[in-house]
Amino acid sequence: MRMVRRQAHRGPDSQGIYSDNDVTLGMCRLAIIDLPNGQQPMSTPDGRFTIVFNGAIYNYRELQAEFAATGWLFRTTSDTEVLLAAYARLGAKCLSRLRGMFTFVVWDAREHTLFAARGPMGIKPFYYARLSHSGLAFASEINGLLASGSVQGEIDPASVGEYLAWSSVPAPRTIYRGIAALPPGHCLTVDAGGRLRIQASWHLPAPVQAEHSAGNYGDFIRGLRHQLEDTIRAQSVADVPVGAFLSGGMDSTAVVGLMARGSGQRLKTFSLVFDEAEFSEQASARLAAETFHTEHHEELLTGTRVAADLPRILTTYDQPTGDGINTYYASQLARQGGVKVALSGLGGDELFGGYPSFRDLPFLQRLLPLWRLLPASIRTAAVARLRAQPSVRARKLADFLAHARDLHELSSLQRRVLPEAVRLSLLSPEARAQAGRLGPNHPMLDDFVFELIGADPFQIISAWELRTYMTDVLLRDSDVFSMVHSLELRVPFVDRVLIEWLWPQPHAFKYDPRHSKQALADATTDLVPAAIRQRRKQGFALPFARWMLTELKPFLDETFSRSSLAACPWLDPQEAGRLWHNYATQGDSRAWSRVWTLAMLIAFANRRPGS
Amino acid sequence: MNALLLSPELFLREGGIARIMRLYLKALCEIAGTDGRIDSLVLNDEPGPEPRLARYTNGQLGEHIGCDRSKLGFIRHTLRLARRTDVVVCAHLHLLPIVWLACKLYPNLKYHLVAHGIEVWRPYTFLERRALLGAERILCVSEYTRRQMLRFCPALPLRRLIVLPNTLDPYFAPDLNDQTSKAPLGTPRILTVGRLSSDDTYKGFDTLIEAMPLIRQEYPAARLRIVGMGNDQPRLAALAARLGMTDAVDFTGAISDEALRAEYAACDLFALASRKEGFGLVFLEAMTYGKPCIGIRAGGAPEVVNDSVGQLVDYGNLTDLAAAVTDLMRHPRDSGVVRRHADTFAFTSFRHRLAAALT
């Protein structure tokens with residue numbers, strides 16, 4: 001019950017416990033579909049299977065009709081019961097039938113086995129820890145696991161090294177020793193003997209599928225529009241009000257446009273605005289809101305407010321993150337604005353080539369064979385020279401040249417926050433040894449490489465963006481910071497059906513290096529105003545570089561103080577302090593994310609969970 | 001079949017590649033047929049008689065030449081022997097461009113590469129790429145190695161890449177006369193085997209040593225036996241000392257086959273914490289003794305070690321490593337099951353699969 005209470009913000013509508021001699025399942029429910037009847041844990045009528053389920057199954061009505069036709073007697077109209085029926089009928093094979101975002105656990109009381117699954121892209125989290133005598137504890141947030149009292153919250157020095165590289169700790173590691181994250185698209189079973197087995201349940205589709213590829217650009221755009229409409233229709237299913245985040249960029253405007261087109265009601269949209277004009281997309285968001293006649297809500301976010309809220313925000317973290325503050329405030333605004341579900345444009349950059357990596361990395365890839373022709377002594381000297389430069393770009397290039405052998409490794413390294421030499425210098429000797437052992441590349445490199453055999457360069461970069469930054473940082477933060485406000489955040493671009501359709505399409509249709517996200521613009525040309533379609537990408541960024549030197553400076557001075565750093569034995573306190581001192585005195589605004597990433601780690605180690 | 005086997009080493013030192021290539025020589029001799037002839041050319045081995053050669057050959061062996069590290073001699077002999085050969089089996093990518101050159105001289109010559117591990121998990125030079133694309137078959141020791149080759153040379157036709165797992169030397173099979181190691185008793189006694197080289201720190205001997213304090217929390221009498229030698233041993237010994245584990249970690253140095261058998265027979269479980277094993281032949285050796293294995297969820301190890309014979313853990317994860325030891329001690333694997341798993345890699349099946357791949 002302590003675990004359920006610690007996660008009550010994730011589901012304030014009801015709580016439930018199932019317990020027998022072997023297992024205890026707890027649930028706090030955010031009621032979205034079939035509000036009065038979808039309580040969890042839910043068992044089959046014969047009592048054999050019991051489920052706890054986090055997320056939403058968007059095609060539950062189709063599945064319900066299918067199972068009802070074969071004799072399953074449904075007692076509710078909830079997606080939970082449909083998922084339970086699907087598992088009872090099909091076992092693990094039901095995963096390929098699900099369209100949604102989910103993690104769920106089913107206890108089979110007859111076979112004494114436990115089955116857990118996490119959705120293809122990992123929108124919903126799943127953390128677990130092995131207990132003594134083959135036991136297992138699991139939860140949607142690590143704070144919930146820690147509340148059990150059976151799991152220690154000891155920060156793992158090896159994970160600290162990973163965090164400093166990626167601004168999050170990639171699954172299956174977590175920041176804590178002995179606590180693991182089930183990777184996206186994987187399932188876990190515990191058999192009657194207590195033996196745990198993990199295996200992949202979903203992979204990216206085959207890169208080339210001639211029978212599913214559009215023959216020309218016109219067909220592709222018509223197909224894409226159909227898929228987008230289908231996705232938005234599916235993800236708008238709910239028995240509560242559904243709104244949308246509206247930054248004013250291409251992705252969120254397309255989502256809102258498609259939602260408004262398919263909805264008979266006036267849609268609620270939500271934007272953060274800033275005093276700092278260069279970060280504010282207020283004009284674009286207002287233009288979109290006016291175009292789609294939405295009930296638009298804006299909130300001014302200032303550095304002063306962030307500084308005041310940070311101690312509270314930090315208590316909601318279950319792992320440190322260098323990102324996500326924007327989602328915290330946007331979710332708060334949406335919940336206060338009267339919606340329980342919001343859709344976001346997250347994922348559009350990854351699918352339609354919205355990041356500079358899509359343009360830059362293939363060029364670097366072509367240079368690598370020429371670079372390798374140089375004598376080793378020249379290469380070593382050049383890398384050393386680049387590393388000595390103060391410029392972030394120079395040091396990133398040094399990492400590329402020193403560690404990348406192909407496009408996969410370029411794609412992996414380009415998402416690093418701290419250059420390798422800086423990362424290692426920030427760590428204590430013990431943590432440095434472990435970081436050196438794991439190396440500079442992403443820990444899932446082999447898995448992703450093998451998933452992408454035969455893929456073209458666009459698919460490779462897209463997959464890396466989807467599998468790393470989006471999954472490890474954006475989706476994780478989105479879940480934590482929306483659920484803390486009891487808001488269900490849905491991400492229609494991160495939809496299995498859409499991705500499976502889009503994946504094998506010719507890359508020339510999906511990506512035009514001269515015009516960012518041209519395909520998405522063309523597919524929504526009747527919806528998205530031309531001024532937004534033709535705007536340069538701005539991203540959903542906050543003016544942190546400036547705030548860190550003004551309103552947030554006292555917080556950072558305290559964070560990098562000797563007493564705070566004393567709680568971080570896996571850091572080199574002098575190097576950490578120097579990083580902040582250099583930023584505060586030299587004001588290189590491009591370095592803000594490195595300093596902030598480190599600050600969040602130190603603040604995390606000093607926080608008082610649950611306070 | 002007239003075949004030429006090109007190897008970097010066969011008997012000079014006890015490395016994984018040398019051991020498996022001796023079995024290639026044995027299998028080639030056995031499948032050559034009565035009219036066939038197998039020549040063997042070894043780059044680094046010393047010339048002259050080799051007493052162990054008879055174990056791995058039969059009457060079909062033609063010439064066996066050690067080139068004593070002479071590359072020029074190796075090229076000269078390759079070009080000479082290739083003239084009377086139908087098939088070349090090349091044991092190392094580094095040697096493949098020479099075969100490619102021979103093929104230019106003798107266009108009917110077919111050649112195959114044995115792809116082991118890290119030597120092929122990298123970008124290829126222009127010459128290596130050309131040579132790879134000309135190979136009739138590439139015999140990969142694991143699916144992992146096969147995929148790495150496709151990663152770095154996507155132009156390779158899939159049908160030319162065949163997975164032919166390594167096999168166990170029939171001469172290494174357990175014997176009733178095997179002695180048990182006289183080393184101090186410990187519970188559990190964990191055995192690891194490999195080269196202790198500072199160039200190969202990925203082998204993970206340091207992680208095993210670092211996991212010992214955690215293992216000893218559960219099993220205060222646990223011992224780690226490290227078999228092998230190399231220039232990394234002083235660093236590893238210092239690490240053990242720094243952790244206060246000097247009395248828990250034994251470095252045996254290089255030992256004889258008999259002594260190694262004794263170590264396998266005496267251990268409770270075998271562990272190899274390496275991140276980059278193309279296959280992990282030592283797992284098979286341990287399994288023939290019915291010993292459960294701990295491997296790393298990386299490289300080719302997951303294709304050899306599964307739940308029924310041991311456990312896989314993530315590289316560098318000391319907690320999981322210690323937990324795996326505890327789990328294998330509390331839930332011992334059935335030694336019969338472990339042996340039967342090793343039997344699936346028996347030499348006879350290997351020989352059949354090699355014969356099929358070469359035809």
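Any read-out appearing in this document is the output of simple, stated calculations on the displayed coordinates, not a laboratory observation. What you see is a predicted model, and the numbers here were worked out from it, not measured in a lab. We place every Cβ from the backbone using ideal geometry, glycine too, and count neighbours over all the protein chains shown.
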Problem set entry | Value at 222 nm in deg cm²/dmol, rounded to 500, when DSSP H runs of n ≥ 4 in chain B each add -39,500 (n - 2.57) | -11000 deg cm²/dmol
Exercise. How big is the Rg/Rh ratio for segment A:2-200, C-alpha atoms only, Rh by Kirkwood, two decimals?
Worked result: 0.96
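Among DSSP bridges having both ends in the protein assembly as shown, what percentage is antiparallel? Round to the nearest 5.
Values: 43 of 99 bridges.
Rounded to the nearest five, the antiparallel share is 45 percent.
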For this session: Largest first and to the nearest Å, give the Cα extent of segment A:357-459 along each principal axis.
Result: 40, 29, 23
Problem set entry | Cleavage-rule hits, trypsin sites (Lys or Arg not before Pro), segment A:506-536, DSSP coil, Cβ neighbours within 10 Å at most 15 | A:Arg514, A:Arg536
For this session: For segment A:134-184, restrict the atom set to alpha-carbon positions and state the Rg and Dmax in Å.
Result: 11.0, 33
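I'm a student and want to see the number: the projected area of the Cα convex hull of segment A:544-606, averaged over all directions, in nm².
The directionally averaged projection comes out at 3.7 nm².
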Problem set entry | Rounded tilt (10° steps) of B:318-330 against the dominant C-alpha axis of chain B | 80
Exercise. Per residue of B:217-225, what is the mean number of Cβ atoms on other protein chains within 10 angstrom of that residue's Cβ?
Worked result: 0
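According to the square roots a ≥ b ≥ c of the eigenvalues of the Cα gyration tensor, what is the shape class of segment B:172-343, taking rounded for a/c under 1.5, prolate for a/b larger than b/c otherwise, and oblate for the remainder? List each step's numbers first, then the result.
On the way: a/c = 1.28, a/b = 1.19, b/c = 1.08.
Taking the square roots of the gyration eigenvalues as a ≥ b ≥ c, segment B:172-343 is rounded.
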Exercise. If you average the sequence gap of Cα pairs under 8 Å that are 6 or more apart and divide by the length of chain B, what percent do you get for the contact order?
Worked result: 14
For this session: List, in order, the whole-Hz ³J(HN,Hα) value for each residue of segment B:278-291 obtained from phi through the Karplus relation with A = 6.51, B = -1.76, C = 1.60 and θ = phi - 60°; use x for Gly and Pro.
Result: x, 9, x, 4, 5, 4, 4, 4, 5, 5, 5, 8, x, 8
Problem set entry | Kyte-Doolittle mean at least 0.0, axial Cα span of 20 Å or more - DSSP H helices of chain A | A:357-373, A:592-606
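If we count other beta carbons within 10 Å of each Cβ, what is the order of B:Lys291, A:Lys93, fewest first?
Ascending Cβ contact count within 10 Å gives the list A:Lys93, B:Lys291.
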Problem set entry | Mean projected area (nm²) of the alpha-carbon convex hull when the protein assembly as shown is viewed from all directions | 41.0
Seminar exercise, completed: Relative to chain B, whose Cα atoms define the longest principal axis, helix B:96-105 and its Cα axis are tilted in degrees, nearest 10, by 10
For this session: Provide a whole-number value for the mean count of partner chain Cβ atoms within 10 Å of the Cβ atoms in peptide A:430-442.
Result: 2
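Find, to one decimal place in angstroms, the Kirkwood hydrodynamic radius of segment B:2-164, where the mean of 1/r is taken over every pair of different Cα atoms and then inverted.
Numbers: mean 1/r = 0.0634 Å⁻¹.
Taking the inverse mean of 1/r over all distinct Cα pairs, segment B:2-164 comes out at 15.8 Å.
Where the only charges are on Cβ atoms (+1 Lys, Arg; -1 Asp, Glu), what is the dipole of segment A:444-550 about its Cα centre, to the nearest 20 debye?
Numbers: 12 positive and 14 negative charges, 137 e Å.
With Lys and Arg at +1 and Asp and Glu at -1, about 660 debye.
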Problem set entry | the protein assembly as shown, dipole about Cα centre (Lys/Arg Cβ +1, Asp/Glu Cβ -1), debye to the nearest 20 | 1460
Exercise. In what sequence, highest mean first, do B:218-225, B:299-306 appear when ranked by Cβ atoms within 10 angstrom?
Worked result: B:299-306, B:218-225
Exercise. Which cross-chain or sequence-distant (5 or more) residues have an amide H under 5 Å from the amide H of A:His297, H modelled 1.01 Å from N in plane?
Worked result: A:Thr269, A:Phe270, A:Ser271
For this session: Count the net charge of all other residues whose Cβ sits under 12 Å from the Cβ of B:Leu109, scoring Lys and Arg as +1 and Asp and Glu as -1.
Result: +2
Exercise. Can you tell which of B:Asp39, B:Asp327, B:Asp175 shows the greatest fluctuation in a Gaussian network model of chain B with Cα springs below 10 Å?
Worked result: B:Asp175
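How big, on average over all directions, is the shadow cast by the Cα convex hull of segment B:29-107, in nm²? Could the numbers behind the result be given before it?
Numbers: hull surface 21.6 nm².
The directionally averaged projection comes out at 5.4 nm².
Could you calculate the FRET efficiency of B:Leu79 with A:Phe450 from 1/(1 + (r/R0)^6), where r is the beta carbon distance between them and R0 is 51 Å, rounded to 0.05?
0.85
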Seminar exercise, completed: Taking the alpha-carbon centre of each part, the distance from segment A:547-611 to segment B:61-95 in Å is 62
Seminar exercise, completed: Per its Cα gyration tensor (rounded if a/c is under 1.5, else prolate when a/b beats b/c, else oblate), segment A:1-116 is best filed as oblate
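Give me the Å³ per residue figure for the convex hull around the C-alpha atoms of segment B:73-135. Provide the component values of the computation, followed by the final result.
Working: hull volume 4.7 nm³, N = 63.
Given the Cα convex hull of segment B:73-135, per-residue volume reads 75 Å³.
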Exercise. Roughly how big is segment A:54-99's charge dipole about its Cα centre, with Cβ charges of +1 (Lys, Arg) and -1 (Asp, Glu), in debye to the nearest 20?
Worked result: 100
Exercise. Between segment A:86-146 and segment B:232-292, how many Å separate their Cα centres?
Worked result: 37
Exercise. Over all residues in B:148-154, what is the mean tally of Cβ atoms on other chains that come within 10 Å of each residue's Cβ?
Worked result: 3
